[in-house]
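Here is the structure we will look at, set down as structure tokens.
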Amino acid sequence: MATPSSYRPAPGSIPTKPGVYRFRDAKGRVIYVGKAKSLRPRLSSYFQDIGNLHPRTATMVTTGASVEWTVVDTEVEALQLEYSWIKEFDPRFNVKYRDDKSYPWLAVTVGDEFPRVMVGRGAKRKGTRYFGPYSHAWAIRETVDLLLRVFPMRSCSNGVFKRSAQIGRPCLLGYIDKCSAPCVGSVTPEQHREIVDDFCDFMAGNTTAFTRRIEKEMYAASEALDFEKAARLRDDLGALTKALEKQAVVLGDGTDADVIALAEDPLEVAVQIFYVRGGRIRGQRGWVADRSDDGGTPELVQDFLLQLYGGETESIPREVLVPALPPDSGVLEELLGERRGSKVAIRVPQRGDKRDLQETVATNAAQALALHKTKRASDLTTRNRALEEIQQSLGLDEVPLRIECYDVSNLQGTEVVASMVVFEDGLSRKSEYRRFVIRGVDGQNDVASMHEVITRRFKRLLDEQARSETVTTDSGPMLVDPETGRPRKFAYAPSLVVVDGGPPQVAAAQQALAELGINDVPVCGLAKRLEEVWLPGEEDPVIMARTSEGLYLLQRIRDEAHRFAITHHRNRRSKSMVESMLDDVPGLGEVRRKTLLKHFGSLKKLREAEVEAIALVPGIGPRTATAIKHAVAKADATRKTSAKAPTINTATGEIMED
């Protein structure tokens, strides 16, 4: 592994102009491609102290063995060259968005003498016009089948077309009026081209003109007493209406836009895009990618747009709606405008229908990421590999089949709670989850709180083991309560204890185990900021590979413990706030306060409730409900007056809201 100083360019040798740079490893392979408005400060930032770099960036520069750059005249040229190099070299440290499946397109071979409409997948071909992509191929075929009676263009393969031309008889579609039969000369190439152009215009979103034209022709035929033609046009109009109903209108102004949203975590990012043409959703597409650098949402958006539109021209819309503006949005707009041939706007929707639609896309992205993680976690081979990687990385004697993770949550030293989550064979065992209320620690002291929760959990383990030893079987101590038939709580010893935190929390957990005389349960900590794994007494962390399934499993366990602790903390905080807020309400004791909280579920819902709704709670009449409403309003006024800044959970860094 090389040190960055060994291949750092000489001072002053890096130009200050825009350009694109490439890092290569010892074998000459390109491992990262980037661009910069000014090459000198950007490249110099990679050769600072390794400790100041993000772990993924540090891995990249230590993997590299050389760096080279190319100077260009403008930022637009730099953007184009960056895309070309990423496409050519496929660098391992660049974010790569890959389809979660191959999405179908509706293709029209406009370059042929008699263009054909068909459903296709994969790479695009020259001389073909594409619409979509769409979610399902069957949905496209249904729509095309409806439209062929209105736009009877060719849809058969080349073999069928040639065979019909040779025998002088059209195929079935020609007989049922879903093809104008150009194969036997029923229409000229020019007439067939007009049908194709009308079909393409309709698919491009110009639908109103066609429906109005058919309506006009239908009424004219009816007035001329040509009822057969009028009936045929009526059926055509019905087919168009039915085809349009399959595509819901989401933007009433007929907007052409791509709506993009992201769902991300420290290791992966999911992207969803809705294609809106003529105000209608014409397709949806999704990607899931591994994060390979420390860039935030703006940088991820820029990388995605560059890869999405880098090789496209026809599919670039007038407007691109994104969750965050990319750092070089102006340059990117200029590049996309050049490729499209007209102006392209990149915007973050703030309100209205566009904002609502992007929230829907964001929901889809979150669901896609959750589904991806579920599939990844449920794969037996992947779980086995993850457990083996954890065993090897931490130097464990055996595979950690049962892992327990602990997290502490508090609000400025108040309502301190802790959580214990359990994963067996790489899967969560929610029936084994436990919550703790920290009672022996005053104020905010995460280390002491971690010591207390580990002590309490493993003291229970020793007690359960002592009880089970009095009743043994041929297979060992009894782990099931003989009276209830249920498993004894805390009776199973974990193969690995994971704590959310760094060396202080790990040391506290190890000390708690040592004080109880337990020396056969390994302990590690996972620091959230840099995803470092810490072992007791070690000065340096264990750095697991970014793509490691073991790291992914540890992160998922840690995040689950954090979620469980936060949920417990919020519930207790809400309960305590309700109780303190309602202390002075006459006739409202502890039982009624609990009933009130149980009925509304949260403090927020109690604030929003009217007096009449509060009075419906069992045991609370109109007079008490009025007093409760006044007490809540008074507490809210006091809270707003004294509010200075957002309250932050210093244990987790989370902004807490009432």
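Remarks
- Heavy-atom surface analysis with a 1.4 Å probe gives the range 507-565 a carbon and sulfur content of 47 percent of its accessible area.
- Residue order for Tyr175, Tyr46 - accessible surface, 1.4 angstrom probe, largest first: Tyr175, Tyr46
- Charge dipole (Cα centre; +1 on Lys/Arg Cβ, -1 on Asp/Glu Cβ; no other charges) of the range 306-375 amounts to roughly 240 debye.
- With the whole protein complex present, Phe423 retains an accessible surface near 10 Å², based on a 1.4 Å probe.
- In terms of accessible area, using a 1.4 Å probe and ignoring ligands and nucleic acids, Ile86, Ile390, Ile50 rank largest first as Ile50, Ile86, Ile390.
- Computed with a 1.4 Å probe over protein heavy atoms only, the accessible area of Thr567 comes to about 50 Å².
- Rounded percent of accessible protein surface that carbon and sulfur make up, the range 1-68, 1.4 Å probe: 51 percent
- Residue order by solvent-accessible surface for Leu172, Leu148 is Leu172, Leu148, largest first, with ligands and nucleic acids left out and a 1.4 Å probe.
- Shape of the range 1-40, Cα gyration tensor, a/c cut at 1.5: oblate
- Applying a threshold of 26 Å to the alpha-carbon distances of Lys27/Lys528; Lys373/Lys598; Lys35/Lys343; Lys430/Lys528 flags Lys27/Lys528; Lys373/Lys598 as lying beyond it.
- Within the assembled protein chains, the solvent-accessible surface assigned to His630 is about 130 Å², based on a 1.4 Å probe.
The values are calculated or read from the model by the stated rules, or taken from the named source; none is laboratory data. As the structure is a computational prediction, the values presented were derived from the model and not from experiment. Reconstructed Cβ throughout: ideal geometry from the backbone, glycine too, with neighbour counts over all protein chains shown. In case anyone asks, the SASA skips ligands and DNA or RNA and just uses the protein heavy atoms, side chains included. Shrake-Rupley method; radii C 1.70, N 1.55, O 1.52, S 1.80 Å.
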